[in-house]
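Colleague: I have a structure here, written as structure tokens, and I will follow up with some questions on it.
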Amino acid sequence: MFLLNAENSKMKFMKIGTKPDTLYTQESSRILVTDTPNDLVIRINNTTYHLHRSCLVPKCGLLRRLCTDSAEESDSVTIELNDIPGGADAFELCAKFCYDITINLCAHNIVNALCASKFLRMSDSVEKGNLFPKLESFFHSCVLQGWKDSIITLQTTAKLPEWCENLGIIRKCIDSTVEKILTPTAEVSWSHTYTRPGYQKKHHHSVPRDWWTEDISDLDLDLFRCVITAARSTFTLPPQLIGEALHVYTCRWLPYFKSKSSSGFSVKENEATLERHRRVVNTVVNMIPADKGSVSEGFLLRLVSIASYVGASLTTKTELIRKAGLQLEEATLADLLLPSRSSSHLHRYDTDLVAAVLESFLMLWRRQSSAHHSSTSQLLHSIRKVSKLIDSYLQVVAEDVNMSVSKFVSFAEAVPDIARESHDRLYKAINIYLKVHPEISKDEKKRLCRSLDCQKLSAEVRAHAVKNERMPLRTVVQALFFDQESSYKGTSGLLESHGLVSRSKETSTGEHIMMHKLHLGPTEAASIRRTNSVLEEGSKRGEDRIRSSTPKKIVREGRGSEHKHHISKDR
């Protein structure tokens, strides 16, 4: 069983050779200083090496064949090796080994050395104790046993993907990495990069399950995808842990992911950067587990926002909106306050994105409600939670001077009536909007208040609405009626139980007090008295008649033709 401890968390090194380095540079040439004349010239792109056949040919099967084919032994041989994997640096490691010059090997250069020595055919079949077998032994016994070594080696394979694939380096590194990811945390001593915000290097009683996520976030996108795919294929990791790895990777490669303002998007990215970011978004979205809650709602919403900014595919954006809609009830108000990314957009927040996610949620909710033929307690809880969230969101966006009445109303009316137990939050949002937009017309005010049900306002909020000069008169009358009805039911029941006052007297007294509060003129007061007469008539017919009356119907009944103009008039 693998045990990751403090020792194997350190990078492994291997030293080969005993002689000092005698290669020096002269212009674009690398010359080895010895008493023997140089008779082998190796050209690799812009670098030329002046070496000796007697040292390199016995160990390099490729050079042995090329030297035999090109010239007689007495002549100087020039060979071009422009296609050697790893370039001049990798060749130099192999050449120094042939001269017994000391070389240091580790996870950073093992891939280049392996590929170059394989290219030069430095195997035991050419000469015993050759370089390639030594590198293979170090790779398997040390590099693959270390966590950091496996990650770093996997990173370096990105420069030589075909060679590393053919030599099995990529697969072996991925398998080693996944093996360590799946190791029970009780058997792991943390070899974390210690880069997490707020983390201090001190003793921790337990290793967190996501200890590995930051280290693998340094990988190239394709390699990261391979590691996560291999880990998921074991069906051992929970979806939430996969989601955390995706979150860490996204934060690492999309620098504006955590931005809460549009300033992080103000600099125009070049097309190459946008393409790279598109690949990240598309790949991450495809890797999100299907399990609900595997990633947070805030993560999904920010990812939708970035997907629009970088120009991700329509399929990617649609899938993100669908996933975000599935768990909208888990969102917080801060999650919805996404900055507008478009330079042509006048709004501070991206309301179109929130509208799309809300519509996706409502479509699913209606479908589920229809399947159950009625709203179950779970569905009802879900829609009411979203309703409170949207009403709180409306209070924030209402302060946007560029927010149109139609867009505000569309948000308010999107939520079904059953979702709002109370209209207090909606009233507050409308009041803020009226305060910030005093120039809107009377018709727009009426339209704004159309979805407001005064019967669902608390007593405190109704009292505020009655005195609110920004509200249209129709809304004030409705608030006044239900405020009076509420007071009437509470007070008259108590008084009548003691035989102290009649219903008609209570109504008359309440009417006098409310007229005084509103400071209404004679015509407006007459209109409200007509409304009160409906209440008195309803009292005679019984409390059931009053409960069944809706605010809109009562206002309509209490509005005579001679007062039509004044009732509909806004304050």
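Colleague: Hey, could you check the stretch 8-35 for residues that are assigned to a loop (DSSP other than H, G, I, E, B) and polar (S, T, N, Q) and say which is surrounded by the fewest Cβ atoms within 10 Å (Cβ to Cβ)?
Modeller: Thr18
Colleague: Return the residue satisfying two criteria in turn: it lies in the stretch 36-62 and is out of contact with any helix residue (DSSP H, G or I) (no Cβ under 8 Å at 6 or more places or on another chain) and either open to solvent by 40 Å² or more (accessible area, probe 1.4 Å) or among the charged types (D, E, K, R) (or both), and of such residues it is nearest to Asp83 (Cα to Cα).
Modeller: For the stretch 36-62, the residue satisfying everything is Arg43.
Colleague: Out of (1) touching a Phe, Trp or Tyr at 6+ places or on another chain (Cβ under 6 Å); (2) surrounded by fewer than 18 Cβ atoms within 10 Å (Cβ to Cβ), the odd one out for Gly311 is which?
Modeller: Condition (1) is where Gly311 drops out.
Colleague: Okay, moving on. Could you tell me which residue of the stretch 205-248 is nearest to the chain's Cα centre (by Cα), considering only residues that are β-branched (Val, Ile, Thr) and crowded, with 16+ Cβ neighbours inside 10 Å?
Modeller: Checking each candidate, the answer is Val248.
Colleague: Being hydroxyl-bearing (Ser, Thr, Tyr) and under 27 Å from Thr376 (Cα atoms) is the filter here, so list the residues in the stretch 400-437 that pass it.
Modeller: Ser410, Ser422
Colleague: Let me ask another. Do we find that Arg279 is surrounded by fewer than 20 Cβ atoms within 10 Å (Cβ to Cβ), at negative phi and at pLDDT 90 or above in this structure?
Modeller: Yes.
The values are calculated or read from the model by the stated rules, or taken from the named source; none is laboratory data. Computed from a prediction, not measured in an experiment: that's the story for all the values here. Here the Cβ is made from the backbone with ideal geometry for all residues, glycine too, and neighbour counts use every protein chain on show. When the accessible area is computed, the model is the full protein with side chains, heavy atoms only, and any ligands, DNA or RNA have been set aside. Shrake-Rupley method; radii C 1.70, N 1.55, O 1.52, S 1.80 Å.
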